[in-house]
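Structure first, then comments.
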Amino acid sequence: MYELRCKSCGKTYDGNSQRWRCECGGLLDLDFIPRFDPGKLEGAPVSMWRYRSALPIDQDENILSFQEGFTPLLPVTYPEGSLLIKQDNLFPSGSYKDRGASVMMSKVKEIGVSRVVEDSSGNAGCAVAAYSALGGIACDIYVPASASAGKLAQIQAYGATLHAIPGTRQDTTDAVVSAAETTYYASHVWNPFFFQGTKTFAYEVAEQLGWKAPDTVIVPAGHGTLLLGTAIGFTELAKAGIVDRIPKIVAVQPEHCAPLAAAFDQGKAQPVEVVPVETLAEGISIARPNRGDTILRYVRESGGKFITVTEEEIRQTLLETALMGHFIEPTTAAIIAGARKYLSDDAKTGEVVVTTFTGHGLKATDKLLKLLPH
Ligand SMILES: *Cc1c(COP(=O)(O)O)cnc(C)c1O
Ligand SMILES: [Zn+2]
């Protein structure tokens, strides 16, 4: 079985308890050691649920799935070099957040919760709303009023109650906190089951490379939900002897909001205080990532680094990537801009570098229209 363990005081709770944080207010981690055998994948579904035995849902009947995932790992060549890019913009709700939401909302169903609240810059809200619709679970989603119109429409279309909060992303989080006093908080930041879903990114990459770890994985760092899943996934695979090492984890932040990159450069264990400036990368504009210390530790232990990108670099990469036929949202363009910098500044010849298209361009057409040359 498995337990929830408080990151602050160490208190443990049953893995199926209806709590999203410790009595002391601390963040919960999940102690879970999967028993996964890659030799037994014959006949497994072509989705992230092919790793069923590595996912902590007890009863199959509780699984909420659209048969999502196992996205193509596509070679894409930029002037700086070649990347292997996971096409996570092809998920049912249009972003990789479906990985986390599928597992987290399955657990919500398993523990008998019928109503949830969530806050997000947009895409996590879309994903939680989609799986709530699938599972017949009521949900209230809090997002900044400035989020892309496509995301706001999508959340409402799935039948969720939308709360569009004026002000900053932090104002949105503050608004959800009181709602979460009385309702289960299906948070992609607090809830460790979300990372059990995002870890399938690592499993898929490893399988697609013939059960090998790439040299380097380049991921976004807002709250780091994909980064944390990637680190957890590769750690599990390495511990089980399925891959021989954990790849170097390189994290990308926009220059306009880079509390972790600054902490990394200053040798600090916690994110530094920043005053965020508006950025095209709305999905990773997170001034206070509350698992920031863990993110910094994973990046350092893997021998990785942080890369920051400017607004102009994000814009350029967005437009150039679309001209190659890939329609991604501006937040994703920030990651790819960071990956291009990595290729030109750091990569060695023959290095296998994996990254991801985290979100679909159709999510942010309002913002895109403003960027297109007239
Ligand atoms: C959520 C999201 C990210 C990454 O955000 P984290 O807060 O680091 O998990 C990146 N791109 C898109 C499109 C997103 O929706
Ligand atoms: Zn505690």
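The values are calculated or read from the model by the stated rules, or taken from the named source; none is laboratory data. As the structure is a computational prediction, the values presented were derived from the model and not from experiment. Cβ atoms come from the backbone with ideal geometry, glycine included; neighbour counts cover every protein chain shown.
Which condition number does T308 fail, the rest of (1) part of a strand (DSSP E or B); (2) in contact with a Phe, Trp or Tyr (Cβ under 7 Å, 6 or more places away or on another chain) being met? All conditions are met except number (2). Scanning the stretch 108-131 for residues that are assigned to a loop (DSSP other than H, G, I, E, B) and among the hydrophobic types (A, V, I, L, M, F, W, C) returns I111, V113. Condition check for R19 on (1) within 30 Å of V353 (Cβ to Cβ); (2) modelled with pLDDT under 95: one failure, at (1). One residue stands out among those in the stretch 28-73 that are under 19 Å from the mean Cα position of the chain (by Cα) and among the aliphatic types (A, V, I, L, M): the one that is nearest to H326 (Cα to Cα), which is L73.
Taking the listed residues A147, A130, A101, A153, the one that is surrounded by fewer than 24 Cβ atoms within 10 Å (Cβ to Cβ) and closer than 29 Å to P330 by Cα is A153, with no other qualifying.
Pick from the stretch 351-364 the residues that are more than 18 Å from the chain's Cα centre (by Cα) and away from ligand 1 (no atom under 14 Å from the Cβ): which of them is nearest to S121 (Cα to Cα)? So the residue we want is V353.
Taken over the stretch 4-24, the residue count meeting the criterion of being among the acidic types (D, E), within 13 Å of ligand 2 (Cβ to nearest atom) and surrounded by 12 or more Cβ atoms within 10 Å (Cβ to Cβ) is 0. Taking helices (runs of 4 or more DSSP H) as the structural unit, those lying wholly within the stretch 204-305 and holding at least 2 residues that are within 15 Å of ligand 1 (Cβ to nearest atom) and out of contact with any helix residue (DSSP H, G or I) (no Cβ under 6 Å at 6 or more places or on another chain) correspond to 259-265, 292-301.
Residue-by-condition table, conditions (1) more than 16 Å from ligand 2 (Cβ to nearest atom); (2) under 12 Å from E68 (Cβ atoms); (3) touching a His at 6+ places or on another chain (Cβ under 9 Å):
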position	(1), (2), (3)
D98	yes, yes, no
V108	yes, no, no
V116	yes, no, no
D119	yes, no, yes
C126	yes, no, no
G135	yes, no, no
C139	yes, no, no
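I'd like the residue in the stretch 283-328 that is touching a Lys or Arg at 6+ places or on another chain (Cβ under 8 Å) and modelled with pLDDT under 95 and, out of all such residues, is farthest from G267 (Cα to Cα). Residue satisfying both the conditions and the ranking: S285. Note on the stretch 169-223: residues that are among the basic types (K, R) and modelled with pLDDT of 95 or more amount to 2.
Kindly establish whether I335 is within 13 Å of ligand 1 (Cβ to nearest atom) and either in contact (Cβ under 8 Å) with a residue 12 or more places away in the chain or acidic (D, E) (or both). Yes: the conditions hold for I335. Checking every residue in the stretch 95-107 against the condition of being assigned to a loop (DSSP other than H, G, I, E, B) and closer than 30 Å to V353 by Cβ gives at least one match.
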